[in-house]
Amino acid sequence: MKITNLEQSILFTISYFDVFEYPLTSFEIWRYLFGFKSSLDQVILKLDELIVLGKIEMKNGFYFLPERSHLVDFRQKKYDISEKFWGKAVRATKILSYLSFIKCVSVVNSLSYFNCDSKSDIDFLIITKKNKIWTARFLSTAVLHLFGIRRHGKKISGRICLSFYISEEMKNMSYIAKDGLGFFVAFWIAQNAPILSYNQTFEKFRAANTWIYDFLPNSGHNITDYYINFKLPLGAKKISKLIEFFLKPDFIEKILKSIQSKRIKFSQKKWGEPNSVLFNDFILKFHPEDFRPGYKKEIKERLTKNKYI
């Protein structure tokens, strides 16, 4: 039987999340449906057909590849762990809210869709004020380290990974969506879950990345109760303004850039080449190894194994 565009999209979406051992509900499949715009009703009907054909399976409302039913129990366990990690993420964000030059704090990667295991860290994307990315990084790194909640060395589980900063004037992320790996960035943005956002910075970030709808036409904003219910701690704004007053001069940004750039360049020697680290006045991205090519290969292997392509 010839596979339709909707079938291909559904099978690709399920295969993508299978790489991360994450079965999906029908709504999630529709929301993250790859490269094909469809209604939820159409997706549900097609899912039923695919089950009858033996191309996918379903248990307790979750859909997955054949012989992967164990992932349903995995998902519940990871959800329970993720709920605890979300509490840590909110507490860390409240600490960051006292600092200057931070305009948005978002959870990304595994925790953004409740898929953490006991060894996972908590990845943050921080959007900073224009021309203050290095100062914001210095403050956030130093303070979370002092509180003993920053990931470093072998201290990983449940700790905050401050590995991605962007300046507010560089919100469009299409420049890192290249080499046939743009769909990974699209998923990453679609799953991006804000906790703190000043002056609609998160909404502006999403508005600057409408290109992701070419990959995920049904995706909306990943708004959680943690964002809706987040309240600034008492005195956070006043302390933030006070810190800003002392650290506002441009020469401080230049000094902090010089110090941190030297440390990054030194670390790059250990990471070796090639690596996917980016650091400049607009983006700080500290992921030495790019796992996306490997993930892409795994997706293709699943599609081939199950005769989807």
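The values are calculated or read from the model by the stated rules, or taken from the named source; none is laboratory data. All of these numbers come straight from a predicted model, not from anything done at the bench. Neighbour counts run over all protein chains shown; Cβ positions are idealised from the backbone, glycine included.
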> Among the residues of segment 205-240, which ones are basic (Lys, Arg) and either at pLDDT below 95 or buried (at least 17 other Cβ atoms within 10 Å of the Cβ) (or both)?
Replying inline: ARG206, LYS231, LYS237
>> With at pLDDT 95 or above, among the acidic types (Asp, Glu), part of a helix (DSSP H, G or I) and under 25 Å from the mean Cα position of the chain (by Cα) as the only criterion, which of ASP41, ASP80, ASP48 stands out?
In response: ASP80
> Hey, among PHE124, PHE187, PHE147, which residue is closer than 17 Å to VAL107 by Cβ and either touching a strand residue (DSSP E or B) at 6+ places or on another chain (Cβ under 7 Å) or surrounded by fewer than 16 Cβ atoms within 10 Å (Cβ to Cβ) (or both)?
Replying inline: PHE124
>> part of a strand (DSSP E or B), surrounded by 20 or more Cβ atoms within 10 Å (Cβ to Cβ) and either outside the structural domain of LEU162 (by TED's automatic domain parsing) or of a type outside the set (Lys, Arg) (or both): is that true of SER106 in this structure?
In response: yes
> What is the number of the single condition among (1) out of contact with any Lys or Arg (no Cβ under 7 Å at 6 or more places or on another chain); (2) at pLDDT 95 or above; (3) closer than 23 Å to GLN200 by Cβ that TYR165 does not meet?
Replying inline: (1)
> Out of (1) over 12 Å from the mean Cα position of the chain (by Cα); (2) in contact (Cβ under 8 Å) with a residue 40 or more places away in the chain, the odd one out for LEU125 is which?
Replying inline: (1)
> Which one of these is in contact with a Leu (Cβ under 9 Å, 6 or more places away or on another chain), of a type in the set (S, T, N, Q), in contact (Cβ under 8 Å) with a residue 12 or more places away in the chain and under 24 Å from LYS241 (Cβ atoms): SER140, SER120?
Replying inline: SER140
>> Consider segment 1-35. How many of its residues are crowded, with 20+ Cβ neighbours inside 10 Å and assigned to a loop (DSSP other than H, G, I, E, B)?
In response: 5
> Taking PHE138, is it part of a strand (DSSP E or B) and of a type in the set (Phe, Trp, Tyr)?
Replying inline: no
